[in-house]
1. Within segment 329-337, can one find any residue that is more than 30 Å from G77 (Cβ to Cβ) and in contact with an Asp or Glu (Cβ under 7 Å, 6 or more places away or on another chain)?
2. Cβ-Cβ distance below 9 Å, separation of 6 or more or different chains: which pairs start in segment 93-107 with a residue that is closer than 23 Å to R20 by Cβ and aromatic (F, W, Y) and end on one that is assigned to a helix (DSSP H, G or I) and modelled with pLDDT under 95?
3. Would you check if Y208 is hydroxyl-bearing (S, T, Y), open to solvent by 60 Å² or more (accessible area, probe 1.4 Å) and within 23 Å of Q301 (Cβ to Cβ)?
4. Please list, ordered by first then second residue, the pairs with beta carbon atoms under 6 Å, 6 or more apart or interchain, first in segment 17-32 and farther than 9 Å from M96 by Cβ and modelled with pLDDT of 95 or more, second surrounded by 16 or more Cβ atoms within 10 Å (Cβ to Cβ) and small (G, A, S).
5. So, of the residues in segment 73-105 that are under 15 Å from W327 (Cβ atoms) and more than 22 Å from the chain's Cα centre (by Cα), which turns out to be surrounded by the most Cβ atoms within 10 Å (Cβ to Cβ)?
6. Among the numbered criteria (1) modelled with pLDDT of 95 or more; (2) of a type in the set (A, V, I, L, M); (3) open to solvent by 50 Å² or more (accessible area, probe 1.4 Å), which one does I345 miss?
7. Could you list all residues from segment 284-296 that are touching a helix residue (DSSP H, G or I) at 6+ places or on another chain (Cβ under 9 Å) and either under 22 Å from D140 (Cα atoms) or assigned to a helix (DSSP H, G or I) (or both)?
8. Taking the condition of being of a type in the set (D, E, K, R) and assigned to a loop (DSSP other than H, G, I, E, B), how many residues in segment 188-229 meet it?
Amino acid sequence: MKNLVAIKSDTEIGANDALRYCSSWLTSHAIPHQVLENEGRLMIHAEVGQGPTTIVWNGHVDVVPAKIEQFNPIIEGDRLYGRGSADMKAGVAAMMEAFRHISSIPKQLQQLVVLHIVTDEETGGHKTSGHLVETGHSGDFVICGEPTQLKLSVQSKGVLQIHITFLGKAAHGSRPWEGTNAIEASYIFHEKLMNLPFTKASNCYFEYPSINLAKIQAGDRYNVVPDHCEVGYDIRFIPGQKWEEILQQITDLAHSINSKNIVKVYDKMSAIITSEDNNYIKSLSELTAKVTQKEAVLFGQHGAADTRFYVNTGAIAIEFGPSGDDWHGPNEYVLISSVEQYADILTKHALT
C-alpha cells in the first residue's frame, strides 16, 4: 500500500506506472494475469477458481491531482496518510493480497473470482472498467473497493450532468433596461430549479437529490450587458427516479425563461439499487459482522463508481471498502487495521 501511494498516479502516465507496479507484484507471487490496453490506459484482468457463479473485485489506482508531498506516505499510529490511500489504493492492495491468498488454494474455490485493476475511474472509467465490461468481462456479483468505512453501499444515486446556455440581448452597460441579461436569467433559473418536482424525492437511504452548480461562464466586459451565459450542473438523483424525466423538467423550465435557451446532456447514468435480501449481500454482511465484531451497516452512496458499468450487464454491484477520511482532500488517510480486515473479509467471502 505504501509503495502504491508513493506513485504519483494523477496523470495517465502515472496511473499506468501504478498499474505496472501491481502487475509486477502479481508476477512476483506467480499469479497469472493479463495487462490490457485501451486508448492508452492499462488495466489488469486476472481470474482464479471455477464454478457456476463469478465474483469480480474492482479497484482503481488513478487518483485526483495533488501536491507532490501528498505522494509521500506517512504512517501515524493506525493511519496511513497520502493521496489515494483511501481512494482507493488501500482497497487495491487488500484485493491483491486476498487474491494472492485464494490463488494459493484454488481447489477450495467453488466459484470464479476475477480481479480488475483499472486506471481511469477518476476521469469517467469508460476506457478501462467500461472497456472490460464491453469486451465481456463482468460477473454475477461485483465489489468496487471504494472507501465506505466497511459499510455496504446497496444503493447509489444516479448522475445527470447538463450544460445550459442562457441567451439574452446585449446592450450598453449604462442602459441595462435596453438589453436582457443572460446572467440574471441563469440565477432566476437556479432559484426555480431548486423547487422542481424531482427535488422532492426521497427514500430510506437518501433525504433528497443533490444539485451542484459546478460551472458558470459569462460576460467579458463591464460596460456590456451579457447576451449569453453558460452553466453546468451535476445532479445526483434518487434511485427510482428517471434521468429522462428530470431532464424534461429542467428543459421545460429553461424554455419558460427563453424558448431559445439550449440544454445539453454532458453525461448520465442510472441509479443503482441492490436488494437487502440478495444472497450475496446477506453473506457479505454476515462475514463483515463476524470479522469486525460489529453489526454490518447497509447504506446509500451519494457518489458514483465503476459499479455503473457492471450493472448494465445484469450484475449485482456494490461499493464496499476500508475506512478512512478526507479523500480528494489534503489530509487523506486510511485506517490500516480496516485494510487488514477488508482483505480478510474478501478472502472469506470468496471461499464461501
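The values are calculated or read from the model by the stated rules, or taken from the named source; none is laboratory data. Treat the numbers as computed from the prediction; the structure is a model and nothing was measured. Counting neighbours? That spans all protein chains shown, and the Cβs are built from the backbone with ideal geometry, glycine included. Each accessible area value is taken on the protein alone, full model and side chains, heavy atoms only, with ligands, DNA and RNA left out. Shrake-Rupley method; radii C 1.70, N 1.55, O 1.52, S 1.80 Å.
1. No: segment 329-337 contains no residue that is more than 30 Å from G77 (Cβ to Cβ) and in contact with an Asp or Glu (Cβ under 7 Å, 6 or more places away or on another chain).
2. none
3. So Y208 passes the test.
4. Once the first residue is farther than 9 Å from M96 by Cβ and modelled with pLDDT of 95 or more and sits in segment 17-32, its partners that are surrounded by 16 or more Cβ atoms within 10 Å (Cβ to Cβ) and small (G, A, S) give A18/S9.
5. Ranking the candidates gives P73 first.
6. (3)
7. Start the filter on segment 284-296 by keeping residues that are touching a helix residue (DSSP H, G or I) at 6+ places or on another chain (Cβ under 9 Å), which leaves 284, 287-288, 290-292, 294-296.
Of everything in segment 284-296, those that are touching a helix residue (DSSP H, G or I) at 6+ places or on another chain (Cβ under 9 Å) and either under 22 Å from D140 (Cα atoms) or assigned to a helix (DSSP H, G or I) (or both) turn out to be L284, L287, T288, K290, V291, T292, A296.
8. Matching residues across segment 188-229 total 4.
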